[in-house]
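Student: Here you go, one structure.
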Amino acid sequence: MQTLAETVAGSIREKVISGTLTPGSHLSEIALCEELQVSRNTLREVFRILTKEGLLRYEANRGVFVSTPSMSTIIDIYRVRRFIECPALAQAHPRHPAAQRMRAAVDDARRCREVKDWLGVGSADIAFHSAIVELADSPRLSNFYAHISLELRLVFGLLHDPEFLHGPFIDQNGEILIELEAGRSTSAAEKLEAYLLRAERFILGAYARVASST
């Protein structure tokens, strides 16, 4: 059973996932205590949990902030993603239940694109790649990847044009899924590796442009 601090930590994680809290956001103890109806001691325990996870950072005399990923963090995230996602996909059976979740995520992304809900597209993209990890049937890998997904959302939050960020990759997810559904898992994994390399270069380029303009 979760403690109150763990439950509240989950609520703050959801704010990061939804884009409500973006990298660099300052977290006010007073405002959050009132919003979440918890004591300062509980909130400080929440901050300790999320700081240990790397989601928040503490600055002396300034307070607590949502972490801002560095360029080296982005490179490491994509290295880890290739290590986890590509083998999971290469060894997958096309009728694995997670393949249905991949299909649902692709369909969700396309629906969100039609109404220009680009944050929704980002959430669908993360759901698609989380489902790829589920193909490995490893709860430990899935739990680990859930943390990577949070860091990835922080990376997305750095870039202020979600259409530019997510638009090019919607149909590429669909192409990867087509290969898997046709039983060509090796080809799907090759497409995924190329996709992740392109995405890494794309995001690093966008990150560099944002950094140079600040």
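Please treat every number below as a calculation from the coordinates, not as lab data. A quick note: this is a predicted structure, and the numbers were derived from the prediction, not measured. Quick reminder, even Gly has a Cβ in these numbers, built from the backbone with ideal geometry, and neighbours come from all protein chains shown.
Student: Quick check: residue separation of I75 and S212 times 0.36 nm, minus the Cα distance between them. What number comes out in nm?
Tutor: Taking I75 through S212 to full extension adds about 47.5 nm, to one decimal.
Student: To make sure I understand the rule: partners must be lysines, Cα under 24 Å from the Cα of K52, and not fewer than 8 residues away in the same chain. Which ones qualify?
Tutor: K52 reaches K15.
Student: So how far apart, in nm, are the two label points at E190 and T22 if each is 7 Å from Cα heading toward Cβ?
Tutor: 4.0 nm
Student: To the nearest 20 debye, what charge dipole does segment 71-213 have about its Cα centre, counting +1 at the Cβ of each Lys and Arg and -1 at the Cβ of each Asp and Glu?
Tutor: About 120 debye.
Student: Something else now. Length gain on complete extension for the stretch A182 to F144, per 0.36 nm per residue less the alpha carbon to alpha carbon distance?
Tutor: Using 0.36 nm per residue and subtracting the Cα-Cα distance, I get 10.8 nm.
Student: Can you tell me what percent of all Cα-Cα pairs in segment 4-66 are more than 17 Å apart?
Tutor: For segment 4-66, the fraction of Cα-Cα distances above 17 Å is 31 percent.
Student: At what distance in nm do the modelled label points of F83 and S11 sit from each other, each positioned 7 Å from its Cα along Cα→Cβ?
Tutor: About 3.5 nm separates the two model spin labels.
Student: Relative contact order (percent) for segment 71-213, with alpha-carbon contacts under 8 angstrom and 6 or more residues of separation?
Tutor: Once normalised by length, the contact order is 37 percent.
Student: For segment 1-127, take the convex hull of the Cα atoms, compute a quarter of its surface area, and give me that in nm², please.
Tutor: 10.7 nm²
Student: What do you get when you divide the Cα radius of gyration of segment 71-213 by 2.2 N^0.38 Å, with N the number of residues?
Tutor: Segment 71-213 yields a ratio of 0.99.
Student: Something else now. Quick one: F128, F164, F202, fewest Cβ neighbours within 10 Å first, how do they rank?
Tutor: Ascending number of Cβ neighbours within 10 Å: F164, F202, F128.
Student: Another question about this same structure. Helix hunt in the chain: which complete DSSP H runs extend at least 30 Å axially by C-alpha with mean Kyte-Doolittle at least 0.0?
Tutor: Long hydrophobic helices here: 185-213.
Student: Continuing with the same structure: Going by the alpha-carbon gyration tensor, a ≥ b ≥ c the square roots of its eigenvalues, is segment 129-210 rounded (a/c under 1.5) or, if a/c is not under 1.5, prolate (a/b greater than b/c) versus oblate?
Tutor: Oblate, because a/c is 1.5 or more while a/b does not exceed b/c.
Student: Given axes a ≥ b ≥ c from the Cα gyration tensor, I'd like to know whether segment 115-174 is rounded (a/c under 1.5), prolate (a/b larger than b/c) or oblate.
Tutor: oblate
Student: Rounded to the nearest Å, what's the spacing between the alpha carbon centres of segment 98-117 and segment 149-168? Just the number, please.
Tutor: Segment 98-117 and segment 149-168 have Cα centres spaced 16 Å from each other.
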